[in-house]
Amino acid sequence: MIVKVALNGPFLSALDYDCPFEQVRPGLRVRVPFRNKSKVGLILGLSIETDYDLSKLKTVTEILDDEPLFSELELRFLSWAAHYYHEPIGEVIMAALPKRLRSGESLAVEGLKQWQRTTLGQTISVEDLAKNAHKQRAIWQVFTNDQAWSEAQLNQQFENWRPLVKTWQDKQWLSLSHGSCLPPVQFSDKPNHQLNPEQQAAVDSVLSASDEFGAFLLQGVTGSGKTEVYLAMIESVLAQGKQALVLVPEIGLTPQTAARFEASLQQRVVALHSGLNDQERHCAWQAIRSGEVKVLLGTRSALFTPFANLGLCIIDEEHDLSFKQQDGFRYSARDLLVRRAQMHKVPVVLGSATPSLESLYNVQQARYQKLVLTQRAAAAEMPSIHLLDIRGERLAEGVSAQLKAAMQRHLDAKGQVLLFLNRRGYAPVLMCHDCGWQAACPSCDANLTYHQAWNELRCHHCGYSEKKPPVCPDCQSKEFVRVGQGTERLEQTIGSWFPDKTLVRIDRDTTRLKGALGKKIEQARSGEADILIGTQMLAKGHHFPNVTLVGLLDLDQGLFSVDYRAAERMAQLIVQVAGRAGRAERKGEVMIQTHHPEHPLLMRLVSRGYDDFAQQALTERESAQLPPYGFQILVRAEAFDINHALAFLNDIKDALLGVAVSEPCEVWGPVSAPMERRQGRYRYHLLMQSESRGALQTWFSAIESQIYQSSLVSKVRWSVDVDPQELR
Ligand code: ADP
Ligand code: ZN
Ligand code: ZN
């Protein structure tokens, strides 16, 4: 028997091996020899013939599993993903496995230790223990119910129980076993919510088609009750004995989210995110695969987890950029989730207050059905938005007089104020006052940001840092000016204006320590903080009911960026930040400082709302044949020698131009990336574009294998990005 094995590495297809074992099936892991090493791979298919010389074929050395890790349907899905994104199949399969399974460890996860009475132990009653040994008696008492007691349960009730349990184990009164690897869980009480009519209609639409594919766009502002809708749908799917897969942005996956799901569903939910260790990850993965747990809450890569019986897919904040993997295997978790739901014939729900233009376009094309939630659950009104014209105005430390006055007003009325500035650090530019010298990164085309807390200059692109020089390196002057505003500087300024108010700053610098973000978010939610200052970390996922004023200090870059998606992102950000604010009793206010109050897209957004803005933006995309009206593939190349990057991409371009295409396809470049040099490497890209997705894919596939054979492959770092989200 010949088996086709997916191995980690730059091979576009699976590799053939001779397999002497019985009972081979797709989905089993095998150990195989590869270039004098032993590697772990996964069987994708079986065959009785091979294109290779049979006598030279290597032999599978070991089969690692008794049962397939993925169903045939899931393997087809993974192969589809590899094909669509032009990613080696082995890399895709390995991305879908927890690390322990990639390295060949056994599928069974060693569970938590637990103890139970033996038959001998059952003959020992509490009365048999010494009368004054209170602790012994108390601990023995718990075992008399003849259930297994785990380490965690014992820890909860007793201190220093181990020596006693060890003694009883040695006496064979207790036996040790391994239970589930999942820690015990307790749910809070189930909240008793009655869905409002819009929520109920959304649930009904999705459930009416629960055993076939259907894609639904659930649009509703923050606080409109989308999560309640998800929960009601999940509850119904679970009642049918099926499982649910829920994707959330990195930042939205907090322990509180998981606890809310568990309380509402009254059953265990596993969360799969980057904070887990290898054992926890393996355990969560296997609990879903085996069907032991019914609900998976995860960030982007959770999408590849095998399910025993998948019944519903949900992606919350579907417009969020964190669903697009930006290195290695550059997939869109949203697009793949829709594809997976289609293959499994189950519904998929995409939720957002600010849907991506792609999803709105899919609604127009009747590929998705739109469901809307127009009311905020707690009857809170949406805040009103004003543009502050700051042309010609003298700003005090980046803040206009109008905004400052509004802050005073809201603080006096006991409201919370949120200031948004998407730049961390103290100042983005450090300049010599005498000669104009600017601190620049030695390995990137970028300025260094000044951080006052460390008195350091840091590069936000490569991580380089140095102490602030005492004198200008060019002219020895001691006079530096710190140009521009970062959150650190804003915090200092605002602190000096409102000395008796409590400030909380939330950005990557203040939330580096484990648990710091959660603590700060809690200070913000509880109302302990009067003023919140933050970067986009603040803009996502959290609802701050006490915030009544939101100020956005500097969004003008979004209006004139080279990236055609910048306006969409800016609009989403404004609406998302605005959505943090407001509660039932008091309507919120949003103030946007801008030099371009007459910009048509910005005006549309402010006066007519996100949908109207999106419609206008789609019209602009259509006239330029940009996505979603056209399709793109971007090939990136980076090299220390600029000529290597250019030659590599020019070879690809030449190869493409030599292929006949059925429908018009274009190739642009090579051109330099917006930041030409980063971490010492020169960065260039080649953009392919067509109105036909199929033609574009066929075109690239025709020359794909030539790239792997290029003599420059060892000198450049390169990648393929299908449907790129950022042309960086
Ligand atoms: P979203 O996910 O759209 O931000 P949530 O589902 O988190 O909104 O709802 C916001 C708040 O309103 C939550 O505290 C939620 O418990 C509450 N809520 C939502 N729907 C209802 C309802 N039908 N009845 C009572 N409370 C609700
Ligand atoms: Zn100088
Ligand atoms: Zn740098």
query = Can you name every residue in segment 447-474 that is β-branched (Val, Ile, Thr), within 16 Å of ligand 3 (Cβ to nearest atom) and over 27 Å from the mean Cα position of the chain (by Cα)?
reply = none
task = Among the candidates ALA453, ALA516, ALA405, ALA413, single out the residue that is among the aliphatic types (A, V, I, L, M) and not assigned by TED's automatic domain parsing to the domain that holds LEU552.
result = ALA453
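Okay, residues lined up against (1) surrounded by fewer than 20 Cβ atoms within 10 Å (Cβ to Cβ); (2) under 27 Å from PRO183 (Cβ atoms); (3) in contact with a Ser or Thr (Cβ under 6 Å, 6 or more places away or on another chain):
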{"site": "LEU57", "(1), (2), (3)": "yes, no, no"}
{"site": "ARG76", "(1), (2), (3)": "yes, no, no"}
{"site": "GLY90", "(1), (2), (3)": "no, no, no"}
{"site": "GLY104", "(1), (2), (3)": "yes, yes, no"}
ask   = Do you know which residues across segment 18-57 are touching a Pro at 6+ places or on another chain (Cβ under 9 Å) and without any contact (Cβ under 8 Å) to a residue 40 or more places away in the chain?
value = LYS39
note = Among residues of segment 440-454 being under 16 Å from GLN485 (Cα atoms) and not in a strand (DSSP E or B), the residue nearest to ligand 1 (Cβ to nearest atom) is ALA453
task = Could you tell me whether ASP500 is in the same structural domain as PRO545 (by TED's automatic domain parsing) and either surrounded by 13 or more Cβ atoms within 10 Å (Cβ to Cβ) or more than 16 Å from ligand 2 (Cβ to nearest atom) (or both)?
result = yes
task = Identify all residues within segment 387-408 that are open to solvent by 10 Å² or more (accessible area, probe 1.4 Å), of a type in the set (A, V, I, L, M) and farther than 13 Å from ASP556 by Cα; write none if there are none.
result = LEU395, ALA396, ALA401, ALA405
query = Of all the residues that make up segment 235-258, how many are more than 9 Å from the chain's Cα centre (by Cα) and open to solvent by less than 10 Å² (accessible area, probe 1.4 Å)?
reply = 5
remark   = Listed by first then second residue, the pairs whose first member lies in segment 502-520 and is at pLDDT 85 or above, whose partner is assigned to a strand (DSSP E or B), with beta carbons under 6 Å and at least 6 positions apart or on separate chains, are LEU503/ILE531; VAL504/LEU532; ARG505/ILE533; ILE506/GLY534; ASP507/GLY534; LYS520/VAL504; LYS520/ILE506
message = I'm trying to understand the selection: among the residues of segment 402-460, which are of a type in the set (S, T, N, Q) and away from ligand 2 (no atom under 16 Å from the Cβ)?
response = GLN402, GLN408, GLN416, ASN422, SER443, THR449, GLN452, ASN455
remark   = Exactly one of LEU656, LEU649 is over 22 Å from PRO627 (Cα atoms), modelled with pLDDT of 95 or more, open to solvent by less than 20 Å² (accessible area, probe 1.4 Å) and not β-branched (Val, Ile, Thr), and that one is LEU649
Matching entry among ALA567, ALA516 (being among the aliphatic types (A, V, I, L, M), surrounded by fewer than 18 Cβ atoms within 10 Å (Cβ to Cβ), touching a Ser or Thr at 6+ places or on another chain (Cβ under 9 Å) and within 30 Å of GLN725 (Cβ to Cβ)) = ALA516
task = Quickly run through segment 671-717 and pick out the residues that are of a type in the set (S, T, N, Q), open to solvent by 50 Å² or more (accessible area, probe 1.4 Å) and in contact (Cβ under 8 Å) with a residue 60 or more places away in the chain.
result = GLN679, SER705
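The values are calculated or read from the model by the stated rules, or taken from the named source; none is laboratory data. These figures come from a predicted structure and were not determined experimentally. So basically every Cβ, Gly included, is an ideal-geometry build from the backbone, and we count neighbours across all protein chains shown. Note: areas computed on protein heavy atoms with side chains; ligands, DNA, RNA excluded. Shrake-Rupley method; radii C 1.70, N 1.55, O 1.52, S 1.80 Å.
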